[in-house]
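The values are calculated or read from the model by the stated rules, or taken from the named source; none is laboratory data. All values reported here derive from a predicted model rather than from experimental measurement. We place every Cβ from the backbone using ideal geometry, glycine too, and count neighbours over all the protein chains shown.
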Amino acid sequence: MIERILFELGPWAWWVLGLVLLAAEMIVPGVFLVWIGIAAILTGVLSLLFWPSDVWLWQVQLVIFALFSIAAVFVGRRLVTRSAETTDEPFLNQRGAGLVGRTAVLEEPIHEGRGRIRLDDTTWRVDGPDLPAGARVRVVASSGRQLTVEAA
């Protein structure tokens, strides 16, 4: 079946596959199919050059495609991770982590290890040692929407 498809489409089968994979990347984003699509297009370029050759069997084409795919994924990962810039707001989407180190006054007492504080415009549930309402506490850790505090 693969041999028949490659025979009918010729070297353009890899171009078609590459374009389908690039289009699929737009539908299902994840920055993964783009690299495999690029590998298919590169295999298509080699197919245009070597199509008349007796060595350019469909098995060889699949091996070349697999090697290009692996190489493209590694190169793509390196490009994507290299472009991660440092920012002046490292806790922009991690609000709880940005509260570590701040102090607040207990709004509700910590009883049996649980209480509430108000920081800015939000009330947070906290874990920590039993303390009365109005005591000053310092945020020492964050786990999701739960903060851990200690007496300040």
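Name the pairs: first residue in segment 132-151 and closer than 13 Å to Arg95 by Cα and in the same structural domain as Leu106 (by TED's automatic domain parsing), second residue at pLDDT 90 or above and outside any strand (DSSP E or B), Cβ to Cβ under 6 Å, at least 6 apart or on different chains?
If the second residue must be at pLDDT 90 or above and outside any strand (DSSP E or B), the pairs left are Val139/Arg102.
What are the residues in segment 3-22 that are crowded, with 17+ Cβ neighbours inside 10 Å, more than 20 Å from Val73 (Cα to Cα) and at pLDDT 80 or above, if any?
Pro11, Ala13
Given the conditions (1) at pLDDT 90 or above; (2) within 32 Å of the chain's Cα centre (by Cα), report the number of the one that Pro29 does not fulfil.
Among (1) at pLDDT 90 or above; (2) within 32 Å of the chain's Cα centre (by Cα), Pro29 violates only (1).
Pairs, please: C-beta under 7 Å, at least 6 apart or cross-chain, first residue within 13 Å of Val140 (Cβ to Cβ) and in segment 93-116, second outside any strand (DSSP E or B) and aliphatic (A, V, I, L, M)?
Partner pairs satisfying both residue conditions: Thr103/Ala152.
Looking at segment 58-77, can you tell me whether even one residue there is more than 30 Å from Glu8 (Cα to Cα) and in contact (Cβ under 8 Å) with a residue 40 or more places away in the chain?
Yes, there is a match, as at least one residue in segment 58-77 is more than 30 Å from Glu8 (Cα to Cα) and in contact (Cβ under 8 Å) with a residue 40 or more places away in the chain.
Could you tell me which numbered condition Glu25 fails, if it satisfies all but one of (1) within 18 Å of Arg77 (Cβ to Cβ); (2) free of Cβ contacts under 8 Å to residues at least 12 places away in the same chain?
The failed condition is (2).
From the list Trp35, Trp58, pick out the single residue that is at pLDDT below 85 and either out of contact with any Lys or Arg (no Cβ under 7 Å at 6 or more places or on another chain) or acidic (Asp, Glu) (or both).
Only one candidate qualifies: Trp58.
Report, by residue number, each residue of segment 21-49 that is among the β-branched types (Val, Ile, Thr) and within 17 Å of Phe68 (Cα to Cα).
Val31, Val34, Ile36, Ile38, Ile41, Thr43, Val45
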